[in-house]
1. Of the conditions (1) buried (at least 24 other Cβ atoms within 10 Å of the Cβ); (2) touching a His at 6+ places or on another chain (Cβ under 9 Å); (3) on the phi < 0 side of the Ramachandran plot; (4) at pLDDT 95 or above, Gly605 fails just one. Which one is it?
2. Tell me, please, whether a residue that is under 26 Å from Lys498 (Cβ atoms) and either surrounded by 15 or more Cβ atoms within 10 Å (Cβ to Cβ) or touching a helix residue (DSSP H, G or I) at 6+ places or on another chain (Cβ under 9 Å) (or both) can be found in region 565-583.
3. Need the failing condition index for Asn690 against (1) farther than 30 Å from Pro395 by Cα; (2) touching a Phe, Trp or Tyr at 6+ places or on another chain (Cβ under 9 Å); (3) not charged (D, E, K, R), just the number.
4. In this structure, is Leu759 among the hydrophobic types (A, V, I, L, M, F, W, C), farther than 16 Å from Cys625 by Cβ and surrounded by fewer than 18 Cβ atoms within 10 Å (Cβ to Cβ)?
5. So, in region 295-331, of the ones that are loosely packed, with under 15 Cβ neighbours inside 10 Å and of a type outside the set (Asp, Glu), which residue ends up nearest to Glu703 (Cα to Cα)?
6. Inside region 200-233, can you point out the residues that are charged (D, E, K, R) and either over 26 Å from His334 (Cβ atoms) or in contact with a helix residue (DSSP H, G or I) (Cβ under 6 Å, 6 or more places away or on another chain) (or both)?
7. Taking Gly691 as the residue in question, decide whether it is at positive phi, in contact (Cβ under 8 Å) with a residue 24 or more places away in the chain and not aliphatic (A, V, I, L, M).
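The values are calculated or read from the model by the stated rules, or taken from the named source; none is laboratory data. For clarity, every value in this text was computed on a predicted model and none was experimentally measured. Positions of Cβ are generated from backbone atoms using ideal geometry, with glycine treated the same way; all protein chains shown enter the neighbour counts.
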Amino acid sequence: MKTHFSFKHLLLWGSAALCTLEVNAEKNPVDYVSTLVGTHSKFELSTGNTYPATALPWGMNFWTPQTGKMGDGWTYTYNADKIRGFKQTHQPSPWMNDYGQFSIMPITGGLVFDQDSRASWFSHKAEVAKPYYYKVHLADHDVTTELVPTERAAMFRFTFPETSHAYVVLDAFDNASYVKVIPEEKKIIGYSTKNSGGVPANFKNYFIIEFDKPFTFVSTAKENRIYPGTIEAKGNHTGAVIGFATKKGEKVHASVASSFISHEQAELNLKELGNRRFDELVKKGRDTWNRELGKIEIEDSNLDHLRTFYSCLYRSMLFPRSFYEIDASGQVMHYSPYNGQVLPGYMFTDTGFWDTFRCLFPFLNLMYPSMNQKMQEGLVNAYKESGFLPEWATPGHRDCMVGNNSASVVADAYIKGLRGYDIETLWEALKHGTQAHLKGTASGRVGYEAYNTLGYVPNNIGIGQNVARTLEYAYNDWTIYALGKKLGKPESEINIFKERAFNYRKVYHPQHKLMVGRDDKGRFNPHFDAVDWSSEFCEGNSWHWSFCVFHDPQGLINLMGGKKEFNVMMDSVFVIPGRQGMESRGMIHEMREMQVMNMGQYAHGNQPIQHMVYLYNYSGEPWKCQYWIREILNKLYTAAPDGYCGDEDNGQTSAWYVFSSLGFYPVCPGTDQYVLGSPLFKSVKLHLENGKCIRIDSNTNQESHCYIKEMKLNGRMYSKNYLTHGDLMKGGHLQFKMSDTPNKQRGTNQKDAPYSFSLE
């Protein structure tokens, strides 16, 4: 019997094959992620100030290629030509720099240790940068380096050429370190004490490295000098160089782990690798990221949007990082960055609440509440161990930024339903932070005496950023009041915070219709200029800070003379040229980032103004919010190495994109509301931890369709400009009908506006 194979059959076979290929080539969420987003930055202009963090979600240790010199906060920059090593890092930002750091570098040829001598040219074309895997070819040494992380350990795979001079350099860095080579066990142990502050006197990062190939050469290094045949070194700057002969293409593995507790604990942490081979660890890491990233399922044809979204989502799951370890009995333990003791319980660090209270922590409360529950337990421990909640932790208390926003982080978590930790201790911690300050840090409240007496921080008592502090303290007081109500605290205990929540009024200038500094006699600054980046504000000017009344937009609207006047002031932000105010102080990168974006005085690269456009939902013109949200999403974010418009800041700027692209945003953490914006994708599924699913559909969506024509919640028309946390936790279906023209009737009534304290 003959088979007739016609052209028609060929077409059918081809179509089937193509379909199969498409199915097989279907991408998982992690495939859209680039860890290089934000790395094309420099001191003068930040496009993220990130590094390619190879890590697991909230992992204790990150790994990154190191292009900068030892101690340089810019540990990896996209325009660099050479790699000096592969560094274990805990760096939250170049400004805060690093701790718990050491590096590993494979080399061939000459025996060297010095970071410049061992550095190798590389190309991004020979670089693979994934959250769970990193690979690069070191051209000068003809070595390909691959690494894969676990939470507290990592495995390297070095592919060497044929040589009798293959080496691996271990650099324990300066400021006091120790190494010991144990040839019979193919092992190096040691510790590094290098840090940038925020650590007790006994701080050490203990490390262990095990190889799968016997050493033919051993040495230690001290102060950049190599000592062949020696196996132990202790001093300011130590390291080790071990060597072996290799065949062409031979793969040498190095298993690495560290601990803040002890060498013994580092040995335990190394067991995270188990008996898995390198490729098995890669699969495990890939599966972990896909599981976590896949909790937000996007359907859309725009690949650029998918890449940007999942790259931002990856960044939103890095910080705060875990700072706890599991002991031999399976108990959670941590080295305290506050008192230097080893204690039971969770600890997290490397976050600045000034940044992350805005939407990173609210994002965790929505999508990863079990993680934030552990973080709240960590805050309980931080307070018990230091007497204060941190405002900027890396790893302990640091003197960075303003406000007392631990109050927001604690309040929002509990109000959003998180339980299982000692909220009463946190309540006491919040109250304590309003009447104390930990000297030399941002913890507690700088200027609390004046604030508690006058209702504002004056501009003539030697405390800078006074207007910014006043505005944040007023909001922080409101969050304490809101938490106190939720806890059922008596009015006699919480009324003081209710009263102080209106303190934002104390720095409002009725003629300027903006926030202005004043002295301890009540006199406003006579030299005020709204565009000046003055010392009364924090990394911004009055246009950026005057809308920072998260808890009471209606109160601010009333101060400015009503909705019409308020909207004029909002509109003005985008009209006043960005170049104005540039000469008001020495240039900082935040100023330049605003100037070059050509969006007037709107400075999205710095946090204070990031919520501003959502305030149109309070003032009867929600379509303007929809327009500007889409402009910001499309203009200021990409998946390229220069993909941010300022510092990424520990997940905050990324979380802004994640929330805003979904179509809603937590303007006021401490409420149960999310304010509507403009959904970017055609279809989204949010898979909540409670097993419920939120489906968001906007089938009429496209680039020009930024406006909400109508909206349905679970099949019913919905006119409000906000969603509640309670409704979302039930799961459900949001349907947006998008349009290229604004609907100026929807969401314009007062009943449609989100929460304002004045309306309680």
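1. If we test Gly605 against (1) buried (at least 24 other Cβ atoms within 10 Å of the Cβ); (2) touching a His at 6+ places or on another chain (Cβ under 9 Å); (3) on the phi < 0 side of the Ramachandran plot; (4) at pLDDT 95 or above, just (4) comes out false.
2. The answer is yes, given that some residue of region 565-583 is under 26 Å from Lys498 (Cβ atoms) and either surrounded by 15 or more Cβ atoms within 10 Å (Cβ to Cβ) or touching a helix residue (DSSP H, G or I) at 6+ places or on another chain (Cβ under 9 Å) (or both).
3. Evaluating Asn690 over (1) farther than 30 Å from Pro395 by Cα; (2) touching a Phe, Trp or Tyr at 6+ places or on another chain (Cβ under 9 Å); (3) not charged (D, E, K, R) leaves (2) as the failure.
4. yes
5. Ser301
6. Asp212, Lys213, Lys222, Glu223, Arg225, Glu232
7. No; evaluated as a whole, the condition is false for this residue.
Yes/no matrix, rows are residues, columns are (1) touching a Gly at 6+ places or on another chain (Cβ under 8 Å); (2) under 13 Å from Tyr191 (Cβ atoms); (3) surrounded by 15 or more Cβ atoms within 10 Å (Cβ to Cβ):
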residue: Phe217; (1), (2), (3): yes, no, yes
residue: Ala221; (1), (2), (3): yes, no, yes
residue: Pro228; (1), (2), (3): no, no, no
residue: Thr238; (1), (2), (3): yes, yes, yes
residue: Val241; (1), (2), (3): no, no, yes
residue: Phe244; (1), (2), (3): no, no, yes
residue: Glu264; (1), (2), (3): no, yes, no
residue: Leu273; (1), (2), (3): no, no, yes
